[in-house]
Amino acid sequence: MRATEHKPAGEAPVFEPAQGGSRLGDILADLYRNVFDLVQGEVKLAGAEISSILSRQIKRSLLVAVGTSIAFAGFLFVLAACAIALSSVMPAVWAALVVGIPVLLTGTIIMLIGSKKLGEADFIPRRAIDTMGEDAKWMRDQLM
């Protein structure tokens, strides 16, 4: 068997049987093309799955960022009101510190928890991997 000289990009090479070609040669050529198409399809599936996962995560992150920004603006006004109220019973600098330090610590803890959860995102294309395993098993069964 010999491969043809020209093949379109992304397609399996075409094998033509030698003169007086054999049935076995045809079967092997078909098997090669089918395996190539199968692997190429699985790679495309994995890419689509990863793209879908990333798209979902980006949309979720954007919602979190917008909501956090709006809540933060309101929270600053509440903190300012608390500091102003405390400044009537203590110096303004101490009132700002009494309000600001606990808020700073709370924000840091929440930020650390959130960044840990964001790091737990699973970007592995599990369906594609499972399908590839099933395809490999099917190919082994066909060859045995």
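Brief remarks on what is shown
- Rounded to 0.05, the FRET efficiency of the ARG23 and MET139 pair, given R0 = 22 Å and the Cβ-Cβ distance, is 0.65.
- Pairwise FRET efficiency - ILE101 versus ALA65, Cβ, R0 = 30 Å, nearest 0.05: 0.70
- When the alpha carbon gyration tensor of segment 2-143 is reduced to an equivalent ellipsoid, the three semi-axes, largest first, read 67, 14, 9 Å.
- Estimated vicinal HN-Hα couplings, Hz - segment 79-95 in sequence order (Karplus 6.51, -1.76, 1.60; Gly, Pro = x): 5, 4, 5, 5, 5, 5, 5, 5, 5, 7, 10, 8, x, 4, 4, 5, 4
Taken together, the values in this text are just the output of simple stated rules run on the coordinates, not laboratory data. Here the structure is a predicted model, which means the values were calculated and not measured. Using ideal geometry, Cβ is built from the backbone for each residue, glycine included, and neighbour counts are taken over all protein chains shown.
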